[in-house]
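Remarks on the structure that follows.
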Amino acid sequence: MNFLVETKRFLLCSVAVYLLFKFFFLFGLFSEYIQQIIILSFIVILTSLGLNVIYGYTGQFSLGHAGFYGIGAYTAAYLGALFKVEGVWAFLPILLSGGLAAGLLGYLVGVPILRLKDDFLAIATLGFGILIRVLLDNSDQLSEFLGGSRGVIGIPKIVNLEIAFWAAVFLILITRNLIFSRYGLFWQCIKDDELAATTFGIDTAGMKLTAFTYGCFLAGMGGALYAYLYSFLHPSNFDFLKSIDFLIIVIVGGMGSITGTIYAGLLWVAVIEGLRLALPASLLELRWVFIPILLILVMMWRPYGLLSRSESRFLGLGN
Amino acid sequence: MKSILFVGVIAVALMFLFPMTQAKEIVKVGLIAPLTGDVKTFGESSKNAFLMAIEAYSKTGKYQITPLIADDRNDATEGANAALKLITQDKVFGIIGPLTSKVAIPVSEIAEKNKIPMVTGTATNPKVTVYNLKRKRYVFRACFIDPFQGSVAANFAVKNLKAKTAAVLYDVSNDYSKGLAEFFKATFEKGQGRIVGYESYQKDDVDFSALITKINLKKPEVIFIPDYYNKVALIARQIRERGLKGVLLGGDGWDSPELVKIGGEAIIGNYFTNHYSPERKDKIAEAFIEKYKSKHGRVPDSLAALTYDATMIILGSLDKAGTAQPEEVLKVLAALKNFKGVTGTITFDQNGDAVKSAVILKVEKEGPKYMATVNP
Amino acid sequence: MDLLSYILEQTINGLQLGAVYALIALGYTMVYGVLRLINFAHGDIFMFGAFTAYYLLSKWNLPIALVFPLTMAATAFLGFLIEKLAYKPLRTAPKISLLITSVGVSLFLEYFLSLEPLFTPNYIGFPRPFAVIRYNLPLFTVTNIQLLILLVTAVSLFWLYLLIYHTKYGRAMRALSHDQEAASLMGVPVDGIISLTFIVGAALAGLGGILYAFAYPQINVFMGIMPGIKSFIAAVLGGIGIIHGAVLGGLIIGLSEVFVSAFLSSTLRDGVIFFILFLVLILKPRGLFGKRIDKV
């Protein structure tokens, strides 16, 4: 109950934002295309939040996040086809299964590799991300439906504003509670100085694994939502470049800030997709010329992100 | 005098206030094509043809067409995004393309779901119009499908090239390549041929030495490479460098001026199946070829010819339906019979596929040379 | 052809590929040795080399003898520029920032060069300035390109070895990779030696680019991504920071790729390579030739 009191502000804000979007959607102020983009932004925020827990709070540099996003998407797609899921209520367990699959995989992978340091962890996660990509490319060996490198088509479009938004809000709340609990405290200790944390008796290996597993779980949930929004999956959507997307959001928004991730996620999707609408096709590729420049500049001037460590009081996410 | 002048001025003024011709209703049509990426010559050709068709239509057509062109970069996700945007944001009444099956298959799902007619000129994989035994009512194509194309190639190998053994190299990440390979294999084996090698590679591969060395063990007489021109050119060169002597055979993906440019000596003298030959003796075809040549400086390839036909088909259906309502246009489209196109006479069968003949072309330095026609 | 010939031919295929990976891996390993930085942009320097050679050969019709040194000079210069502009300012920043910056540089190079007036995103046929000749030896066949690649790589390695172990510059590089602070206290010009490391590494990548383009004559702005990652894995496999490790790692990766394609399936190829990476990182993170393992 204490939790509800503390987060009352956030819940109120969420309801307000939801009503606002719902209003716009209902009255057709946005085309279906833009509606899809908006819903996507919630999914992206959720997934990036996962990476924020892994990297922003606990300091583990993972370059394979999109792989877990993909595992969630494909698992959900497969199980949904297996059980012929069409409706919202049947979808919810499928959604959860996507998250659990990714989380489980994160756990299994994390056990051996999380003891690696910075660069080596980066390479290991990069390699694993690519390994997942190869797995997805060959998924038609497992099941013709999964389509291998030709992609998966025909997933029913179940995800709408309600599902995506409230799933994201729910998971943000859980994350927030984890962050402000013992777990979050330990995670930040590990990030600041792992050696010192060990001397304090913190089970660093266990905590790191927990953070990693949870972060992958969130990615899997995001992936499952994505699959049932776009109805079409392709392995190339879950490659290294996608992992970089999430990384950029976490960094630009501020490592260790949930609010930052929310803002950055919205901004990112708005910029990427908005530019697709605003720019003529010939200039579209310039996006990817300016984004890395932006990234480099952010690294040079504000290496810890723009909104690091401060949670918005307005949104009620703080302590 | 003054009164005549006065009336004249009023008349002229009225002319400007009330335009003489009634304004045509504006209708948007979209083209999804690979303007950039690994098959950009396909996209360029189709874009040229698309615009040419719209120009030709506008002389006599009932509607004013606003063309919207989207680049899918030969990538399924890009194509799907472009389709969604064209349909829900730009509100096109119909879509031409995509050109390649791997993009056309997901886009056809989107078109079907949103009930917007789609006519692809060139995507040949069966899954574009029928998937999981379900026919997508709104999707049509102006070309033949790969089960037919694969069998044409296989029969050519058996009967004309008198080959008893063949090897197949295909791209596993591409529905077109994989499908065509399977259809070729089925027919070749039915014709008492033996497939001595059936190897797959991936989209980004450049080193085929391992695969080529592998199939060289059996010395196949024919090597079937159902992929797009840039990959084919690369593979052909490596095949010849390793000394394999088999005849190379391919599908409509070979049709590009870049094939010989990249492939050089290695690719010359080999054969591929296609939708039409620029040497076709037919009034409509000749007129189109002349116009395309004068406008763009080169002979149109099958991508251009088919896109032209597809565009004319959908615009013709629009006129015949008398309305831009997708449901009505669909009714006319589905009933298309004996349409005289550049690439032949087109009738849609119950799956929305065109029943057409294929041609066999030989790769020569100056361009593909016509060898034979195969009727379905 | 019998099994022995088949295996021998596939071995040469593997060595050819592995040699190019080795050349690229050297650049990764040298830079990591000196700066503890994984230079993600290295694969794109390789691509730049291939494109430079393309322009020199096709647009300016230069003879091969000139193309090699000019291309290597161009890529060396690019490597130098990247270090000065993007990495030097961040020398004191947290390592992750440097890593992310290198990712940024890589993406920038790829997408900037893919713009229409520059390299364009198209696949371009690379003009090989000589014909392919096959030598039919008693047991197997070999092409002149394969011989060229193996020869040039061997010569470069020999030259590099001389540089690292028999010149004062090499000694300075080794000193820097051991302990940067101590080396600078001993009078080693840190900036200069770091630049030199980048220059040499980039030149080798450029050389790799030319040879790769000779062997697989189709270039594209994104061609450096996969070879870059694989070469990087090769460097890690052999022991990052160790020269002969990079070479051995490159050859092993090249051979694995070819043998998996030859005996299993082409689609499993990449999977096997990353699986190898995994095993190495878990069992022996310092690589085959690496020494101490420092864990937290």
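FYI, it's all coordinate maths here, none of it is from the lab. The structure presented is a predicted model; accordingly, all values stated were derived computationally and were not measured. Cβ sites come from the backbone with ideal geometry, for glycine too, and all protein chains shown count toward neighbours.
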When chain B is treated as a GNM, springs tying every alpha-carbon pair under 10 Å, which of B:ASN81, B:ASN274, B:ASN48 comes out with the largest mean-square fluctuation? B:ASN81
Would you kindly give the portion of the calculated P(r) for chain C that falls above 25 Å, as a percent of all Cα pairs? 48 percent
Under 17 Å Cα to Cα from B:LYS24, which aspartates and glutamates show up? Leave out anything in the same chain fewer than 8 places away. B:GLU55, B:ASP319
For chain C, what does the helix formula give at 222 nm: sum of -39500 (n - 2.57) over DSSP H segments with n ≥ 4, over the residue count, nearest 500 deg cm²/dmol? -23000 deg cm²/dmol
From the phi of every residue in the range B:62-67, what ³J(HN,Hα) in whole Hz does the Karplus formula 6.51 cos²θ - 1.76 cosθ + 1.60 yield, where θ is phi - 60° and glycine or proline is x? 7, 10, 9, 9, 9, x
Over the Cα atoms of the range C:1-61, what Rg and Dmax result, in angstrom? 16.8, 49
HN-Hα couplings for the range A:94-103 via Karplus (6.51, -1.76, 1.60; θ = phi - 60°), in whole Hz with x for Gly/Pro, come out as 5, 4, 4, 5, x, x, 5, 4, 5, x
Across chain B, how large is the tail of the calculated P(r) beyond 25 Å, expressed as a percent of all Cα pairs? 54 percent
Which whole-number percent gives the relative contact order of the range C:150-278, counting Cα pairs below 8 Å spaced six or more residues apart? 11 percent
Filtered hits (aspartates and glutamates, Cα-Cα < 20 Å from C:LYS284, offset >= 8 within chain) -> A:ASP118, A:ASP119, C:ASP294
Counting sequence-distant residues (5 or more places) and residues on other chains, those with an amide H built under 5 Å from that of B:THR165 are B:ARG194, B:GLU221, B:VAL222
Go ahead and estimate [θ] at 222 nm for chain A from helices alone: -39,500 (n - 2.57) per DSSP H run with n ≥ 4, summed, over the residue count, rounded to 500. -23500 deg cm²/dmol
Compactness of chain A, expressed as Rg and Dmax over alpha-carbon positions, Å: 19.0, 59
Interchain or sequence-distant (5+) residues whose placed amide H lies within less than 5 Å of the amide H of C:PHE126 are C:GLN218, C:ILE219
To the nearest 0.05, what FRET efficiency results for B:LYS283 and B:GLN192 with a Förster distance of 56 Å applied to their C-beta separation? 0.85
log10 I(q)/I(0) for the range B:135-174, Debye formula on C-alpha points only (no solvent), q = 0.14, 0.20, 0.26, 0.34 Å⁻¹, two decimals, reads -0.51, -0.80, -0.98, -1.09
May I ask which of B:LYS134/B:LYS231; B:LYS134/B:LYS190; B:LYS162/B:LYS218; B:LYS159/B:LYS245 have a Cα-Cα span longer than 24 Å here? B:LYS134/B:LYS231; B:LYS134/B:LYS190
Amide H of B:TYR198: which non-local residues (sequence gap of 5 or more, or other chain) have their own amide H closer than 5 Å, using H built in the peptide plane? B:VAL168
In whole percent, the Cα-Cα distances of the range B:226-276 spread across 5 Å bins from 0 upward as 5, 24, 36, 25, 8, 2, 0
What angle do you read, to the nearest 10 degrees and between 0 and 90, between the alpha-carbon axis of helix B:2-17 and the longest principal axis of chain B? 40 degrees
Restricting to aspartates and glutamates and to Cα separations under 14 Å from B:LYS185, and discarding same-chain partners fewer than 8 apart, the set is B:ASP146, B:GLU199
Could you compute the FRET efficiency for B:GLU366 and A:LYS157, with r as their C-beta to C-beta distance and R0 at 60 Å, rounded to 0.05? 0.75
Pairs beyond 23 Å (Cα-Cα), from B:LYS28/B:LYS331; A:LYS84/B:LYS127; B:LYS40/C:LYS230: B:LYS40/C:LYS230
With each run of n ≥ 4 DSSP H residues scored as -39500 (n - 2.57), what mean residue ellipticity at 222 nm is computed for chain B after dividing by its residue count and rounding to the nearest 500 deg cm²/dmol? -13000 deg cm²/dmol
log10 of Debye I(q)/I(0), alpha-carbon scatterers only, for the range C:179-296 at 0.18, 0.23 Å⁻¹: -1.08, -1.34
Give me the percent of DSSP beta bridges within chain B that run antiparallel, rounded to the nearest 5. 35 percent
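What value in Å³ per residue do you get for the convex hull of the alpha-carbon atoms in the protein assembly as shown?
203 Å³
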Any number yet on Rg/Rh for the range B:261-376, C-alpha, Kirkwood? 1.04
Ordered by residue, what ³J(HN,Hα) values in Hz, to whole numbers, does the range B:68-83 give under the Karplus form 6.51 cos²θ - 1.76 cosθ + 1.60, where θ = phi - 60° and Gly and Pro are x? 10, 10, 10, 9, 9, 6, 6, 10, 4, 5, 4, x, 4, 4, 4, 4
